[in-house]
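Report on the following structure.
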Amino acid sequence: HVQLVESGGGLVQPGGSLRLSCVASGIVFSDSPMRWYRQTPGKERDLVAIIGGDGYTHYGDAVKGRFTISRDNAKSTVYLQMNSLKPEDTAVYFCKTNWGAVDYWGQGTQVTVSS
């Protein structure tokens, strides 16, 4: 079955960096676009970044120039490098893929940006 497992969240000071990882199983990873979303309490999940199987990338306006999405197909892993973090980046971060016309989500990892 399809499984996505995120890791790498934590507490960081404003201006700091974190790298999130999402390991996928049960899919042909190299063919699959991967997405990162984030969600704060009471709000919908917002798209953070997308990476296609061909390496195409797209970012949400709030993170352009600060976050970088990448993938390692040999490890079936997608990464989100987050730099110059701001308190407003505080959220639960989720990875998502679509396989067989079904959306799959990870369990999420908490990122807190605070001094």
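Annotations
- Size of the chain from its Cα atoms: along the principal axes, largest to smallest, the extents are 41, 27, 22 Å.
- All aspartates and glutamates inside 20 Å of LYS75 as judged from Cα atoms, apart from same-chain residues fewer than 8 positions distant: GLU6, ASP31, ASP54
- Trypsin sites (Lys or Arg not before Pro) lying in DSSP loop within region 52-115, provided at most 14 other Cβ fall within 10 Å: LYS64
A short reminder: the numbers here are calculations on the coordinates, not readings from a lab. If you're wondering where the values come from, they're calculated on a predicted model, not measured in any experiment. Please note: Cβ atoms are built from the backbone with ideal geometry, for glycine as well, and neighbour counts cover all protein chains shown.
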